[in-house]
Structure formats: C-alpha cells, structure tokens
Amino acid sequence: MNKLVATAISTIMFSTSVQADAIGVYLGGHIWDNEASGIFGESGGQRNFNLKDEQQGSLYIAVEHPLPFIPNAMISQTDLATKGTTEFNSDFVFDDYTFEANNQLNANFDVSYTDYTLYYEFFDNGLFSFDLGITGRDFDGDVSVSGLATVSNDGTTTTTQVTGSLSTDEIVPMLYASTIVGLPFTGFNVFAQGNFLSLDDHTLYDYQAGVSYDVIDNLAVDVSLTLGYRAVKLELEDINNLYSNIEFEGIFAGAIVHF
C-alpha cells in the first residue's frame, strides 16, 4: 500500500502539468438516492442483512491555483449509512457474540468517510479538462448488529439482547481521476470522476458520471446544476475484523458553485 502511494506521488510530481490560470474555489454537493446490496460480517461468516435503500448526502470544497508543482486540494465528505433486518437459520458470530438462529437481527451499517485529495490539472482548454491525483479515504463509522445472543458470565450461560459493534476507522489510499467535456454553446457539460483501489485485501471504487448545466456563468461566480449516477463498492478485508462485499448505487442531483 505504501508503494502505491509513493509511486503515485512520484508520477505526479515529475509529470508536466497544466494548472489553473487563477485561484479558484469550488463548493459542491449532491443528494444521492442509492440502493445497497451485498454481505458483511467477520471472516468466514458474512451474511446478507437486506440493507435498505437510503438517501445520502455528499459535500466538497476544492481549491485550484496556478502555482507549478504544488497540487490542488479537495476535501469531500460522504454519508454512507443504512440499516437492515433479517433472520438466519443458523447462529451468527459477530464481535465475539453468538447470535442465535431463528431470531430477528437488526444491523446498522455506517461506513461514512472523508476524502483528502491532492491532484494536478494535466489539461484544461475550456472545453476539456483532465485531473489526476491521490486520495486518502478516512473511514469513520461503525457496523453493529443487535439481537438475542448467548452470553457466558462466571460459568453461567444466558440468552439476552445485546449489540455487537466493529469500528471502521482506517485511512485507505486511492487513485483519483476526473474529466469534464464541455458541449459548445449549450451550457451543458459531461463529467466523470472516481477514486479507485485494488490492493492487498481491499477492492474499492467510487465513481460518478453525469451532466451539468451552467445556470450562472460570469466573472464573479459560476453556478451549475448536476444530475448523474454514482456507484460505491466496498470489498473490505479485515478492517478491525470487519469483512464486507457491498455496493451502493443510484441517481444523484446537486449543485456546484465556483468563485
């Protein structure tokens, strides 16, 4: 994982880049109506909890500048939380609790994260732009399961209602790429953006693609409305003993303001 970060930084630092003509600040966000599907649990015991569809929010701020060799910076925050309910015909072990079969289990799956991205604008001629960089994805949440479980205390075994919880606190490096294609004289743009990682035990991607429309475009401020599709895959292996293979996907709508 450290080799990936070093390689990405070296490639970016010694590549010829085309930076922004002036300092610019971007504020953006969207509401994402997504469907969740997949399994999670501990090693060898991942299960399907029938996770619910949710509306999630995402916000970001980015600063671009004309200084050579110094990367542009972006911070974004994405809420990614859902709940599920199920019943298994065999026992389920989670956070050292053995949840009994044929009883309802409630799951709270929260893997919300903050992205810290450094990137270079390799090309921008007003109609086409391409950015490349690296992202540190900082997961900050927890995954919990509650239900009837067998608990042993002082040699006595009882069945009681408990909640097992595993933290998702970890920073994962990812490759960042973004491109925008303008449609001349229409105010419309086509865009795609993503973060990707396939290394060691983790396979993650988070990409979005869509169209934007410029509702305000002048020297003081630009305002655009966005509509598109976003997908996030979390194939995590042993983040504090959590294993998952879950995908969130759906339509989003949002806005971007550029000063």
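Given H placed 1.01 Å from N in the peptide plane, which residues other than close sequence neighbours of T98 have an amide H under 5 Å from its amide H?
Excluding prolines and chain starts, which carry no amide H, the hits are T150.
Tell me which of V25, L199, F128 sits at the most positive position along the dipole axis of the chain, charges placed on C-beta atoms (Lys, Arg +1; Asp, Glu -1).
F128
Please report, in debye to the nearest 20, how large the charge dipole of the range 39-181 is about its Cα centre when each Lys and Arg carries +1 at its beta carbon and each Asp and Glu carries -1 there.
240
May I ask you to rank T114, T157 by accessible area, largest first, using a 1.4 Å probe over the protein chains only?
Heavy-atom accessible area, descending, gives T157, T114.
How much accessible surface area, in Å² rounded to 10, belongs to the heavy atoms of I251 with a 1.4 Å probe?
Looks like 100 Å² after rounding.
How large is the accessible surface per residue of the range 176-235, computed with a 1.4 Å probe and reported in Å² as a whole number?
52
For the range 214-259, which whole percent of the accessible surface, found with a 1.4 angstrom probe, sits on carbon and sulfur atoms?
It is 59 percent, rounded to a whole number.
Specify which residue in the list G84, M74, V211 is farthest towards the positive end of the charge dipole of the chain, using unit charges on the beta carbon of Lys, Arg (+1) and Asp, Glu (-1), about the Cα centre.
V211
Can you compute the charge dipole magnitude of the range 133-203 about its Cα centre, using +1 on each Lys and Arg Cβ and -1 on each Asp and Glu Cβ, nothing else charged? Give it in debye, rounded to the nearest 20.
Here the range 133-203 has a charge dipole of around 380 debye.
Percent of accessible area on the range 44-163 owned by carbon and sulfur, 1.4 Å probe?
Roughly 49 percent of what the probe reaches on the range 44-163 is carbon or sulfur.
Calculate for the chain the 222 nm mean residue ellipticity that helices alone would give, adding -39,500 (n - 2.57) per DSSP H run of length 4 or more and normalising by residue count, nearest 500 deg cm²/dmol.
Mean residue ellipticity, 222 nm, calculated: -1500 deg cm²/dmol.
From the C-alpha gyration tensor of the chain, pull out the three semi-axes of the equivalent ellipsoid (sqrt of 5λ each), sorted largest to smallest, in whole Å.
Result for the chain: semi-axes of 42, 20, 13 Å.
Assuming a ≥ b ≥ c are the square roots of the Cα gyration tensor eigenvalues, decide whether the range 29-79 counts as rounded (a/c under 1.5), prolate (otherwise, with a/b larger than b/c) or oblate.
Oblate is the answer for the range 29-79, as a/c is 1.5 or above yet b/c matches or exceeds a/b.
Using a 1.4 Å probe, what is the accessible area per residue for the range 34-139, in Å²?
With the other protein chains kept in place, the range 34-139 gives 47 Å² per residue.
Return one number: the angle in degrees, 0 to 90 and rounded to the nearest 10, between the long axis of the Cα atoms of helix 2-13 and the longest principal axis of the Cα atoms of the chain.
Result, in degrees: 10.
What are the ³J(HN,Hα) couplings of the range 203-216, residue after residue, when phi is run through the Karplus curve with 6.51, -1.76, 1.60 and θ = phi - 60°? Round to Hz, x for glycine and proline.
In residue order, the calculated couplings are 10, 10, 9, 8, 10, 9, 8, x, 10, 10, 10, 7, 8, 9 Hz.
Report the charge-dipole magnitude of the chain in Debye, nearest 20, computed about the Cα centre from +1 at each Lys and Arg Cβ and -1 at each Asp and Glu Cβ.
With Lys and Arg at +1 and Asp and Glu at -1, about 480 debye.
May I ask you to give the average projected area over all directions of the convex hull of the Cα atoms of the range 137-252, in nm² rounded to one decimal?
11.3
The values are calculated or read from the model by the stated rules, or taken from the named source; none is laboratory data. All of these numbers come straight from a predicted model, not from anything done at the bench. Don't worry about glycine lacking a Cβ; one is built from the backbone with ideal geometry, like all the others, and counts go over all protein chains shown. When the accessible area is computed, the model is the full protein with side chains, heavy atoms only, and any ligands, DNA or RNA have been set aside. Shrake-Rupley method; radii C 1.70, N 1.55, O 1.52, S 1.80 Å.
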